[in-house]
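The values are calculated or read from the model by the stated rules, or taken from the named source; none is laboratory data. Everything numeric in this text was worked out from a predicted model, so none of it was measured. Every residue, glycine as well, gets a Cβ built from its backbone with ideal geometry; the counts of neighbours run over all protein chains shown. Remember, those area values only see protein heavy atoms, side chains included, never the ligands or the DNA or RNA. Shrake-Rupley method; radii C 1.70, N 1.55, O 1.52, S 1.80 Å.
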Amino acid sequence: MKKIAVLMLSLLLLLTGCVQNAGLLTDAIKQGLDNSSFEASTTVRLDTNLPVEQMGSEMEAALQLLKDGVIIKSQQKNDREAHATILLQNPAGITGTEFWPFEIDPALDLYMDGGNLYVKSTVDDKFLGSSTGETDISEDDTELLKELVLDFINQYQYVLPNVNNAGEETVGLPDGSKETATHLQITLDFQEAVNMTVYTLENLSKFEGLEQLITEFSKYSGMDDSEAAPDALKELTDSLATAAQEVKALNVEELKAAGWNVELALDFWITPEKQIAQDKFKLKVQVPGEFMPEYELPAIDFTLDISSQYWNHNQAVDYPVPAEDQIVMDDQLAENPELLDSFAEGSPIRMFAELSALPPMEYEDFADVTEEHWAYEEINTLKMMDIVQGYGDNTFKPNQSITRAEFVKMTVDTLGLEAQTTELNFTDKNELRAWSEEYVQTAVKAGLIKGYDDGTFRPNQNISRAEMVTILVRGLELELEEEYQLSYADKTEIHAWALPYVKTATANQLVQGRSENRFAPKEQASRAEVTAVLYRIMMQE
């Protein structure tokens, strides 16, 4: 499943079409990099035989809307000013229903104006405004980024197997104009899509311009490019290379025999000025019914159609912008909640406005966990999520040990386990405090804990590092990595019952050793260590 997801994501990234035997398209993409203004209209449709009657009326209505089509009309004056309208091809299916409880058809109106974004629906009286922040991207930076894209296009040498020049055709555009354009057709079957995906990912992982690109982005993200950028580059190139290997390992014939299939068709209409006047993208995916056996679904087909038209390239584009008195900025709502009435009850914009109207959360770091602490991010992230708590004097005591009952509570909260009740057979269950009993029952029911050979649970005993790892691996239902070779200097001190769990946790990068490359299985886990492990689990999910 993971490999299929990688493939589908990669297919969407391949729409650059920069390939050796599609030179006309490559030229048009290069020309498009110089387009500072344009107008466009895009229609997105999704058709599927998914049995929506099993999923409720709302899902049925949503899929019907996607089948009929979502239309996006856009106008761009320049890189900082643009306008878009999102509407439905057939809104009658939901107008006046529970899905959209208004008699006026649904639509969204959006404006980007410098560092601000404004949006309203057809039932709102005013636009909700939000500051996206002013950027310091200079013309030199923009030109550099353009050069890097051109460098990637120029060194991309993949040869597509199926490119057809269908000749000149007349394209009618929404503004009433007509363009004579060359129709270029590209098709890919499942194996061809895999081959191109592998080439693209491998090529991108070796692209020399990546380092410069990351360094450039680091200036706007606040990253210290002298230290963090090299690590970010390695992480990105490793991820791309790994994804290429995973896609390359796909056996297309076996997947097709199992009921999977992918077909991709791309059409471009390109003018003599090397401008794309129109394009179409069709992706067909077949998924076997056995893919989700718990739902007893039949084999399912998905067809995604995206059709776009473009005009007024580098010409004057004009549209009226909302007046200042028609805009409510999100930072005004916290001070003037009555401004919420500018947005209709049931409007999707009202939800965002209500969030903006909430008072800002007050947050204070633990007094004994400063930014210099090795687990600062982990501890404070889980504090904000209410998974870890401190003491009355606003301390966390990161080096203090943690009891088995406390650890079970934190683990159940981190894994998001639904509360369960069961009969506890521990001989010392009377030592459980009221707050911990439900968590221990849940952990027992989920198979996280089993207790000791003498029938006790020992809730108030501090948990060891080996016990911590064992409970977490069980909770994550990880396949045991019994063949993994540990390099800890004290690996012989790990009890046989804990060894496969320590191997699995180490192999999955959940835990790290202590000083002198010791795992210290019998030593007590500190509050900071436990929090760091739980944080890693949340990040992996």
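Remarks
- The set of residues in region 380-394 being open to solvent by 20 Å² or more (accessible area, probe 1.4 Å) and not in a helix (DSSP H, G or I) consists of Met385, Asp386, Gln389, Gly390, Tyr391, Gly392, Asp393, Asn394.
- The sole residue among Leu87, Leu63 that is free of Cβ contacts under 8 Å to residues at least 24 places away in the same chain and not in a strand (DSSP E or B) is Leu63.
- Filtered residues of region 460-502 (kept if among the charged types (D, E, K, R) and assigned to a loop (DSSP other than H, G, I, E, B)): Glu477, Glu479, Glu481, Glu482, Glu483, Asp490
- Here Ala466, Ala443 are screened, and the one residue that is closer than 27 Å to His373 by Cβ, under 34 Å from the mean Cα position of the chain (by Cα) and open to solvent by less than 20 Å² (accessible area, probe 1.4 Å) is Ala466.
- Cβ pairs under 9 Å, 6+ apart, first in region 471-487 and open to solvent by 70 Å² or more (accessible area, probe 1.4 Å), second in a loop (DSSP other than H, G, I, E, B): Glu477/Gly447; Glu481/Asn508; Ser487/Gly513
- Test result for Leu448, under 27 Å from Gln509 (Cα atoms), outside any helix (DSSP H, G or I), open to solvent by less than 10 Å² (accessible area, probe 1.4 Å) and out of contact with any strand residue (DSSP E or B) (no Cβ under 9 Å at 6 or more places or on another chain): yes
- Checklist (1) closer than 23 Å to Val444 by Cα; (2) at pLDDT below 90 applied to Ile471, failing item: (2)
- Selection within region 412-423 - open to solvent by less than 90 Å² (accessible area, probe 1.4 Å) and out of contact with any helix residue (DSSP H, G or I) (no Cβ under 6 Å at 6 or more places or on another chain): Asp413, Gly416
- Of the residues screened, Leu355 is not one that is closer than 22 Å to Met112 by Cα, at pLDDT 90 or above and either not in a helix (DSSP H, G or I) or not charged (D, E, K, R) (or both).
- Against the numbered list (1) surrounded by 14 or more Cβ atoms within 10 Å (Cβ to Cβ); (2) closer than 28 Å to Gly69 by Cα, Ile153 comes up short only at (2).
- Within region 135-146, residues that are within 22 Å of Leu117 (Cα to Cα) and in a loop (DSSP other than H, G, I, E, B) have Cβ atoms under 8 Å from residues that are modelled with pLDDT under 70 and open to solvent by 50 Å² or more (accessible area, probe 1.4 Å) in these pairs: Thr135/Tyr220; Asp136/Lys219; Asp136/Tyr220; Ile137/Tyr220, counting only partners at least 6 apart in sequence or on another chain.
- Looking across Asn336, Asn399, one residue alone is touching a strand residue (DSSP E or B) at 6+ places or on another chain (Cβ under 6 Å), surrounded by fewer than 15 Cβ atoms within 10 Å (Cβ to Cβ) and not hydrophobic (A, V, I, L, M, F, W, C). It is Asn399.
- For Val149, the conditions (1) out of contact with any helix residue (DSSP H, G or I) (no Cβ under 7 Å at 6 or more places or on another chain); (2) of a type outside the set (D, E, K, R); (3) modelled with pLDDT under 85; (4) farther than 20 Å from Asp279 by Cβ all hold with the exception of (4).
- Cβ-Cβ contacts under 8 Å between residues 6 or more apart (or on different chains), taken from a first residue in region 389-414 that is farther than 12 Å from Ala443 by Cα to a second residue that is assigned to a loop (DSSP other than H, G, I, E, B) and of a type in the set (D, E, K, R), are listed as Gly390/Lys397; Tyr391/Lys397; Asn394/Glu364; Thr395/Asp368; Phe396/Asp368; Lys397/Asp368; Pro398/Asp368.
- Verdict on Leu160 being outside any helix (DSSP H, G or I), at pLDDT below 90 and not basic (Lys, Arg): yes
Yes/no matrix, rows are residues, columns are (1) aliphatic (A, V, I, L, M); (2) open to solvent by 60 Å² or more (accessible area, probe 1.4 Å):
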residue	(1), (2)
Gln157	no, yes
Asp175	no, yes
Ile186	yes, no
Ala193	yes, no
Val198	yes, no
Asn203	no, no
Lys206	no, yes
Thr215	no, no
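- Note on region 7-36: residues that are in contact with a helix residue (DSSP H, G or I) (Cβ under 8 Å, 6 or more places away or on another chain), modelled with pLDDT under 55 and open to solvent by 30 Å² or more (accessible area, probe 1.4 Å) total 2.
- Annotation note: Cβ proximity below 8 Å between a residue of region 97-113 that is exposed (fewer than 15 other Cβ atoms within 10 Å of the Cβ) and a residue that is part of a loop (DSSP other than H, G, I, E, B) (sequence gap 6+ or interchain) occurs for Pro101/Gly346; Glu103/Gly96; Ile104/Thr122; Ile104/Val123.
- Whenever a residue of region 290-312 is more than 30 Å from Pro174 (Cβ to Cβ) and modelled with pLDDT under 70, its partners that are of a type outside the set (Val, Ile, Thr) and open to solvent by 70 Å² or more (accessible area, probe 1.4 Å), lying with C-beta atoms within less than 8 angstrom and at least six residues away or across chains, give the pairs Phe291/Met1; Tyr295/Gln54.
- Look at (1) more than 23 Å from Ile153 (Cβ to Cβ); (2) open to solvent by less than 30 Å² (accessible area, probe 1.4 Å); (3) at pLDDT below 90; (4) not charged (D, E, K, R) and you find that Leu250 fails only one, number (3).
- Looking only at region 37-84, and only at residues there that are among the hydroxyl-bearing types (Ser, Thr, Tyr) and surrounded by fewer than 17 Cβ atoms within 10 Å (Cβ to Cβ), the one that is modelled with the highest pLDDT: Thr48
- Criterion (polar (S, T, N, Q) and farther than 19 Å from Asn462 by Cα) met by exactly one of Thr506, Thr531: Thr506
- Considering residues of region 515-541 that are assigned to a loop (DSSP other than H, G, I, E, B) and among the acidic types (Asp, Glu) only, the residue surrounded by the fewest Cβ atoms within 10 Å (Cβ to Cβ): Glu541
- The number of residues in region 500-516 that are over 30 Å from the mean Cα position of the chain (by Cα) and modelled with pLDDT under 90 comes to 4.
- Being among the aromatic types (Phe, Trp, Tyr) and under 30 Å from Gln286 (Cβ atoms) is a property that does not hold for Phe207.
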